[in-house]
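Participant: Have a look at this one before I ask anything.
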Amino acid sequence: MSPAGPCRGLRAAVAASVGLSEGPAGSARKGRLLLPPGPARAAPGARLLRLPGNGAVRAASPERAGWTEALRAAVAELRSGAVVAVPTDTLYGLACSASCSAALDAVYRLKGRSEAKPLAVCLGRVVDVYRYCHVNVPEGLLKDLLPGPVTLVMERSEELNKDLNPFTPLVGIRIPDHAFMQDLAQMFGGPLALTSANLSSQPSSLNVEEFQDLWPQLSLVIDGGPIGDGKSPKCRLGSTVVDLSVPGKFGIIRAGCALENTTDVLQRKYGLLPRRDPAET
């Protein structure tokens, strides 16, 4: 089944296939409530699953990591066209199928986000970048920066949904340095649209309680615990966003939390030149 398929109304069938229940009639996106131990409580209409540990460290397998249920639940919701809150290596994010236009619209609505602002694409492996982008940098550069707290902006390929960021020929690619997110992207089997879990113009979220007002509008919340050092001035900066669409050059779109390391790799190791003007070619 393609990731976009259930977006056409097969939510109940997908949920049933992985042992998930639907809510009462007329309560779309209301599944069974799974409460974890601890202080966090799901708002009405949301399901919340807590990962053992924090989900950031890779175990030998998802089964050993203890997050098989969370993976299956998240994949089912994503394939049904729902929006899911997820932990990453930088911030909590909102994810949906990038192939489902209705899900993309839902993300913009619940965030109050301008449709002129792009969504990033989250993938599970570096090799997947070549399917969704026209890459003009060495493979080693991709592997030096990904997985990591970096968004690489490149020319998009025809494989991506035309309703995803239709105003630009470019797309930002994320592969978070977060084991659960990599497993989720690979198990989902297609591109995920990803943005921060907060209302537009509001601070980014480092734990699930910080975006609790959004829970009723979400299908599932994956709780990976607190992210990063909440006292660090860089803790809410998000990923460093780099434009690599011009051969031999790079442009910093957002400094983010990994600027120094990223520019060092681009300039010293690969000899890319900085673009002073975003319009420079």
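Since every read-out is calculated from the coordinates, none of them should be taken as a lab result. The model shown is predicted, which means the values in this text are computed figures rather than measured ones. Positions of Cβ are backbone-derived with ideal geometry, glycine not excepted, and every protein chain shown enters the neighbour counts.
Participant: Name the residues whose placed amide hydrogens come within less than 5 Å of the amide hydrogen of LEU170, ignoring near sequence neighbours (fewer than 5 apart) on the same chain.
Facilitator: ARG156
Participant: Taking a quarter of the surface of the Cα convex hull of the stretch 220-277, what do you get in nm²? Can you show the working numbers first?
Facilitator: Details: hull surface 23.4 nm².
For the stretch 220-277, the mean projected area of the Cα convex hull comes to 5.9 nm².
Participant: With a point put 7 Å past each Cα toward its Cβ, work out how far GLU69 is from GLU155 in nm, to one decimal.
Facilitator: Between GLU69 and GLU155, the label points sit 4.8 nm apart.
Participant: Under a point spin-label approximation (7 Å from Cα along Cα-to-Cβ), what is the ASN207-GLN186 distance to one decimal in nm?
Facilitator: Those two pseudo-labels are separated by 3.1 nm.
Participant: So between ARG254 and VAL126, what do we pick up on full extension, going 0.36 nm a residue minus the alpha carbon distance?
Facilitator: Full extension of this stretch gives 43.9 nm more.
Participant: Oh, and also: Amide H neighbours of VAL83 under 5 Å, counting only residues 5+ apart in sequence or on other chains, H built in-plane at 1.01 Å?
Facilitator: SER219
Participant: Follow-up question, since we're still on this one. Over the alpha-carbon set of the stretch 41-274, work out the extent along each principal axis and list the three values in angstrom, largest first.
Facilitator: The Cα atoms of the stretch 41-274 stretch 51, 34, 34 Å along the principal axes, largest first.
Participant: If each residue of separation counts as 0.36 nm, what is the full-extension length gain between LYS143 and LYS231 once their alpha-carbon separation is subtracted? Each step should come with its number before you reach the end.
Facilitator: Values: separation 88, 0.36 × 88 = 31.68 nm, distance 2.97 nm.
Gain in length upon complete extension: 28.7 nm.
Participant: Taking the Cα-to-Cβ direction at SER114 and at HIS134 and moving 7 Å from each Cα, how far apart do the two end points lie in nm?
Facilitator: 2.7 nm
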